[in-house]
């Protein structure tokens, strides 16, 4: 059992050479001031989001309801939240910190990064500002802010536990550049901001691993700001696709040596979509895809990373293994 001594003149404190009680208190106070200042700066832009979904099969008299958090990013009412918070919503309602309530419209969502933008009809709103996530360091202060269940905003503080994590989104794509933090993410806090000591948004809180203790995730601000700007201006994120279904397979060492390959796995083409770009190409079921425009591909996630907006409608070269020989096929990716 721990015993805390508050009297700095007590024998307990003087018995440890080099121990300075006032120094410890000043450090604690500095930490508290950083959390308080950052929270006060960012919290006014944090909103509570309530949604009503379409009636589900077998539940005709009852609508699905849900809630989460979000934060204002422009003075004219654009609000960032998670895609899973508003996905399939028929009605979206927003509660602000000053007590005002608004109906919101969906501007756009991107399930592949679990980000969404909604808008309310208001002006001169307090907003949260993005800071860079590129320079983050493990151990740096991280503060998660949310507005769960319509209560006044909540704050949890911790540190950046890890950087560059990957997280599987609900539509199966891999989200890269995810921040891991031990700042507790309570239910209803999804979509709220993760801020640094300056009150700048360094991430969008997105998920928690329920069986684990103190493992929470946020989409890094560098990724989020790019996706959000696209959603505001275009309403969606464009991504390419080639219309194949496949699975990762290991390449036999004999095949790797024979073909002088640097990768140890590829994508086995299991099927080709009837109306997909690959249908009219020379891609065959049973081929193993190993590169896209000369860039090695070891798995489906590698391919997804390469099929960006710029690949849509542009001829690309796939390199395949077929009957222990290399085959190059030209293909024009379509849009998801």
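FYI, it's all coordinate maths here, none of it is from the lab. This structure is a prediction, so every number in the text was calculated from the model and none was measured. Backbone-built Cβ (ideal geometry, glycine too); neighbour counts: all protein chains shown.
The table below lists the values:
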quantity: Sequence of 195, 160, 288 once ranked by neighbouring C-beta atoms within 10 Å, starting from the fewest; calculated: 288, 160, 195
quantity: Inverse mean reciprocal Cα-Cα distance (Kirkwood Rh) of the chain, Å; calculated: 22.8
quantity: Using alpha-carbon coordinates, inclination of helix 221-234 to the longest axis of the chain, degrees; calculated: 70
quantity: At R0 = 35 Å, FRET efficiency that the Cβ-Cβ distance of residue 198 and residue 233 yields, to 0.05; calculated: 0.85
quantity: Residues 182, 302 arranged by fewest to most Cβ contacts within 10 Å; calculated: 182, 302
quantity: Nearest-ten-degree value, helix 21-43 long axis tilted from longest Cα axis of the chain; calculated: 60
quantity: Backbone N within region 303-336 under 20 Å of label point (7 Å from residue 258 Cα along the Cβ vector); calculated: 319-329
quantity: Residue 98-residue 184 FRET efficiency (beta carbon distance; Förster radius 30 Å; 0.05 resolution); calculated: 0.70
quantity: Region 240-335: projected area of the alpha-carbon convex hull, averaged over directions, in nm²; calculated: 5.3
quantity: Relative contact order for the chain, counting Cα pairs under 8 Å that sit 6 or more residues apart, in percent; calculated: 13
quantity: FRET efficiency, residue 323 to residue 166 (Cβ-Cβ, R0 25 Å, nearest 0.05); calculated: 0.15
quantity: Stretch gain in nm, segment residue 335-residue 249, where the contour uses 0.36 nm per residue and the Cα spacing is subtracted; calculated: 28.4 nm
quantity: Residues listed by number, region 240-264, amide nitrogen under 18 Å from residue 308 label point at 7 Å toward C-beta; calculated: 240-242
quantity: Computed label-point distance, nm, for sites residue 279 and residue 299 using a 7 Å Cα→Cβ extension; calculated: 3.0
